[in-house]
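Worksheet: the structure to be examined is printed underneath.
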Amino acid sequence: MNLRIPGPTPVPEEVLREMSRPMLNHRGPIFKEILYRVTARLQQVFQTRNDLYILTASGTGAMETAIVNFLSPGDTLLAVSVGVFGRRFAQIAQAYGARVVPLEFPPGHAADPERVEQALREHPEAVAVSVTHNETSTGVTNNLEAIAAVVRAHDRLLIVDAISSLGLIPLPVDRWGCDVVLTASQKGLMTPPGLSFISVSERAWQAYQRARMPRFYFDLGKYRDYYQRGQTPWTPAVSVFFALDRALSRMLETGLEAIYRRQAAMGRLVREGVRRLGLALVPVEEGFASDTVTAVWVPQGVDGRALVRVLREDLGVVVAGGQAELEGRIIRIGHMGYVEEGELEQALSALREALARLGYRSP
Ligand SMILES: *Cc1c(COP(=O)(O)O)cnc(C)c1O
């Protein structure tokens, strides 16, 4: 099976093998060493000196952590959204009683930093801004550097979902001034699902002091206290820690710049491939097309669900369909992390074959 979904992503054999190590005391000296080493390595991948915490939760747990630790009920959040994952921040904030000002862009479009600026001018009461770096539902990478500069200039708290970009696409957290940045183990970090990570700036800790949203499992104050002792507040997914430790050491050996270059080449390869088939990308501007996931419109006359099925059942390639309003209308090809050119070429030729079987004639 050629697993080409945008997470969970394929995991190298040596990383998988770590998962079969015997259990140990998560409040003992060996785990303490692992926790400190993994945290330091994650800070390198985040390019940050900020505090960083490891949660046993999927990425959405880290999103919820970002909302409940830095906001109070009634606070206003400017929720910048270019797709399903951008809207998720708004949903979580609403569930906890925040007031949400949505700033939405249509599918395929990136967030316009000028419109973010305008919204901040119109909403001086907005204490924080949430944004997705790489929108996995549409294959669009936002210009986070420009958005962060605007948010800094207006002195608000910036919360970034970098779940499908961190460790894959450049995101220098400190240089760009991103207060809260979160990601998860199963996308760019070549590790099975189960852990997520969140970095916290000094400004974010100040917001934490004031924030009154209800929280318990995800209370970062508890994570900070336990970290001093080399522990996490609750039982962590120990096996995923073992795997992550190995994956991060592999990544840092390769070097971040080399990973970014390789990832960019993978993105180009897939975009050129789908264009050769005469298909249209969902991102309206090539400059904002994601290098980690490529979203493609299903051509007219082809059943999008059948396309995903034929690829999986007949040709051994697992791609993702569209979510929400894009269900059945697009397919998404994941190419993040542990992936070889050959696997992408095989996926592209399978796509050509599947389309042909469904009556589409590529040029
Ligand atoms: C995968 C993903 C999520 C959701 O993560 P879960 O681990 O499924 O909770 C959120 N945001 C983005 C951008 C993602 O790619």
Hey, what do the phi angles of the stretch 201-207 turn into as Karplus ³J(HN,Hα) couplings, whole Hz, using 6.51/-1.76/1.60 and θ = phi - 60°, x for Gly and Pro? 7, 4, 4, 5, 4, 5, 5
The FRET efficiency for residue 39 and residue 72, from their Cβ-Cβ distance with R0 = 30 Å and rounded to 0.05, is 0.60
If you put +1 on each Lys and Arg Cβ and -1 on each Asp and Glu Cβ, how big is the dipole of the chain around its Cα centre, in Debye rounded to 20? 580 debye
At 0.36 nm per residue, minus the direct Cα-Cα distance, what do residue 284 and residue 175 gain on full extension? Give it in nm, one decimal, please. 36.4 nm
Among 259, 159, 30, which one shows the highest mean-square fluctuation when the chain is modelled as a Gaussian network with alpha-carbon springs under 10 Å? 30
By the gyration tensor of its Cα atoms, with a ≥ b ≥ c the square roots of the eigenvalues, what is the shape of the stretch 296-339: rounded for a/c under 1.5, prolate for a/b over b/c, or oblate? oblate
Once label points are set 7 Å from the Cα along Cα→Cβ at both residue 314 and residue 224, what is their separation, rounded to one decimal in nm? 5.8 nm
At R0 = 30 Å the Cβ-Cβ FRET efficiency linking residue 153 and residue 91, nearest 0.05, sits at 0.60
Extending each Cα 7 Å along its Cβ direction at residue 27 and residue 143, get the distance between those two points in nm, one decimal. 5.2 nm
Dividing the convex hull volume of the alpha carbon atoms of the stretch 124-198 by its residue count, what do you get in Å³ per residue? 95 Å³
Expressed as a rounded percentage, what relative contact order does the chain have, with Cα pairs under 8 Å and six or more residues apart? 25 percent
Shape category assigned to the stretch 43-193 from the gyration tensor of Cα positions, a/c cut at 1.5: rounded
At the level of C-alpha centres, the distance separating the stretch 135-158 and the stretch 4-18, in angstrom, is 29 Å
Would you kindly give the portion of the calculated P(r) for the chain that falls above 34 Å, as a percent of all Cα pairs? 27 percent
Would you please classify the overall shape of the stretch 123-269 from the alpha carbon gyration tensor, given that a ≥ b ≥ c denote the square roots of the eigenvalues, rounded means a/c under 1.5, and beyond that prolate means a/b larger than b/c while oblate covers the rest? oblate
How high is the FRET efficiency between residue 357 and residue 265 when r is their beta carbon distance and R₀ equals 35 Å, given to the nearest 0.05? 0.75
What 222 nm value per residue comes from the helices of the chain, counting each DSSP H run with n ≥ 4 as -39,500 (n - 2.57) and dividing by all residues, nearest 500 deg cm²/dmol? -13000 deg cm²/dmol
Roughly speaking, what is the centre-to-centre gap between the stretch 20-77 and the stretch 335-363 when only Cα atoms are used, to the nearest Å? 37 Å
Fully extended, how many nm does the chain gain between residue 212 and residue 276 (0.36 nm per residue separation, minus their Cα-Cα distance)? 17.7 nm
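Every read-out reported here was derived from the displayed coordinates using simple, explicitly stated rules and does not represent laboratory data. In this text the structure is predicted, and so the values were computed from the model without any measurement. Ideal geometry is used to build each Cβ from the backbone, glycine not excepted, and the neighbour counts take in all protein chains shown.
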